[in-house]
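The values are calculated or read from the model by the stated rules, or taken from the named source; none is laboratory data. Just so it is clear, the structure is predicted and the values come from calculations on it, not from any experiment. A quick note on method: Cβ atoms are made from the backbone with ideal geometry, for glycine too, and the neighbour counts reach across all protein chains shown. Quick note on the areas: whole protein, heavy atoms, side chains included, nothing else; ligands and nucleic acids left out. Shrake-Rupley method; radii C 1.70, N 1.55, O 1.52, S 1.80 Å.
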Amino acid sequence: MTLAALSRPGRRDLVLFLHGLGCAKEIFAPLWRAPALDGMALLAPDLPGHGASQGQPLDSASMEGMAEAVRDLLRRRAGAGERLHIVVHSMGGAVGLLLAREPPIELASFVNVEGNLVAEDCAMFSRRTAETDLRLFCEEKFDKLKARARAGDDAILRQWAAWAQACPAEAFHASARSVVAWSDSGDLLDLFRALAVPKAYVSGQYSANPDVLAHLNAVTKYQIADCGHFPMLEKPSELARILREVMSAGA
């Protein structure tokens, strides 16, 4: 399975970025210009069924299928002695945690940027999609969802609609069902808590969910001021600074 990806070689460990439902690798592009990440190797794939990673079997749109596709990508491109820093956003949280169970190269840190952990993380698009009949979603609801996002005042949601346009409706629906099931199970939270590397949870001031934060008392937390759910677009320099701080703790 071949995944499209943004990549940059570097002299240091590899930073892997995993995007959310309906998004694409380009959501992380502003971090490529962040001084705090200078010299680091960066990799952001389009997950199966997203962006330019099309033509994959439908089961690859599950969280397990996505994790395995990324694992294969890392096996093909990892350098000798390289260590892995995983940075996840939204749905990518589930993918990253399943990947971290069996990383193909040494895991050095994990940063969760409002990535899925618990049932309360499924309040935006995923649960509504997962609870919709597949045929109805494919024939009507997905187009309406994208149209509402395009017509709104939020520039980031309009950009999300443009990225979501590349997603086949069946794959989007399959991903939503899978991430909701994993989030409801409680297993993602257990996996995150059990990580034995430096880890942190990052939220935006306007999007922080107190019901999620209540599960993370023992986890290092950062909140980015004047920011919502997409700090990689809204506050990339501040997010990059936080990433470098967490990564340095594992040096």
Quiz item: What are the extents of the Cα atoms of region 65-191 along their three principal axes, listed from largest to smallest and rounded to whole Å?
Solution: 48, 28, 26
Quiz item: Considering the chain as a Gaussian network with a 10 Å cut-off on Cα pairs, which listed residue, 171, 200, 208, attains the greatest mean-square fluctuation?
Solution: 208
Quiz prompt | Distance in nm between pseudo-label sites at residue 52 and residue 76 (7 Å out along the Cβ direction from Cα) | solution = 1.3
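Assigning unit charges at the beta carbon (Lys, Arg +1; Asp, Glu -1) and nothing else, what dipole magnitude in debye, to the nearest 20, does region 1-83 show about its Cα centre?
380
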Practice problem: Under a 10 Å cutoff between Cα atoms, tell me which one of 127, 177, 76 has the largest fluctuation in the Gaussian network model of the chain. | Solution: 76
Self-check item: Size of electric dipole in region 37-185: Cβ of Lys, Arg +1 and of Asp, Glu -1, about Cα centre, debye, nearest 20
Solution: 240
Exercise. Calculate the dipole size of the chain relative to its Cα centre from +1 charges on Lys and Arg beta carbons and -1 charges on Asp and Glu beta carbons; express the result in debye to the nearest 20.
Key: 660
Exercise. Search the structure for amide H atoms under 5 Å from the amide H of residue 221, placed 1.01 Å from N in the peptide plane, and list their residues when 5 or more places away or on another chain.
Key: 201
Quiz prompt | Spin-label model distance (nm) - residue 38 vs residue 135, 7 Å beyond Cα toward Cβ | solution = 5.9
Quiz item: For region 233-241, what does the Karplus curve 6.51 cos²θ - 1.76 cosθ + 1.60, with θ = phi - 60°, yield as ³J(HN,Hα) per residue in whole Hz, taken in order and with x for Gly and Pro?
Solution: 9, 7, 9, x, 5, 5, 4, 4, 4
Quiz prompt | Protein accessible area in the chain, 1.4 Å probe - carbon and sulfur % | solution = 50
Practice problem: Name the long-range amide H neighbours of residue 6: under 5 Å, sequence gap of 5 or more, or other chain; modelled H, no Pro or chain starts. | Solution: 44, 46
Quiz item: Per q in 0.15, 0.21 1/Å, what log10 I(q)/I(0) does a Debye calculation on the alpha-carbon atoms of region 1-119 return?
Solution: -0.59, -1.22
Practice problem: Could you tell me the accessible area of residue 206 in Å² (1.4 Å probe, neighbours in place), rounded to the nearest ten? | Solution: 150
Exercise. Return the sequence-ordered ³J(HN,Hα) values of region 45-62 in whole Hz as given by the Karplus equation 6.51 cos²θ - 1.76 cosθ + 1.60 applied to θ = phi - 60°, using x for Gly and Pro.
Key: x, 7, 5, x, x, 10, x, 9, 9, 9, x, 9, x, 4, 5, 6, 7, 6
Quiz item: For the pair residue 190 and residue 221, how long in nm is the line joining their label points, each one 7 Å along Cα→Cβ?
Solution: 2.3
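Using only the Cα atoms of region 1-67, construct the convex hull and provide its projected area averaged over every direction, in square nanometres to one decimal.
4.6
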Quiz item: Whole-Hz Karplus ³J(HN,Hα) for region 144-160, in order, using 6.51 cos²θ - 1.76 cosθ + 1.60 and θ = phi - 60°, x for Gly and Pro?
Solution: 5, 4, 5, 5, 5, 5, 5, 8, x, 7, 7, 4, 5, 5, 5, 5, 4
Quiz prompt | Mean separation of Cα contacts under 8 Å, 6 or more apart, over the residue count of the chain: relative contact order % | solution = 23
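Given C-alpha coordinates of the chain, what is the ratio Rg to Rh with the Kirkwood estimate of Rh?
0.93
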Quiz item: For the chain, what is the calculated [θ] at 222 nm in deg cm²/dmol (nearest 500), taking -39500 (n - 2.57) for each run of four or more DSSP H residues and dividing by its residue count?
Solution: -11000 deg cm²/dmol
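Consider all pairwise Cα distances in region 29-93 and report the whole-number % of them above 15 Å. List each step's numbers first, then the result.
On the way: 1240 of 2080 pairs.
So the pairs more than 15 Å apart make up 60 percent of the total in region 29-93.
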Quiz prompt | Rounded accessible area per residue of the chain, 1.4 Å, Å² | solution = 41
Quiz item: So for region 1-102, taking the charge dipole from beta-carbon charges (+1 Lys/Arg, -1 Asp/Glu), which of 17, 65, 47 sits furthest toward the positive end?
Solution: 17
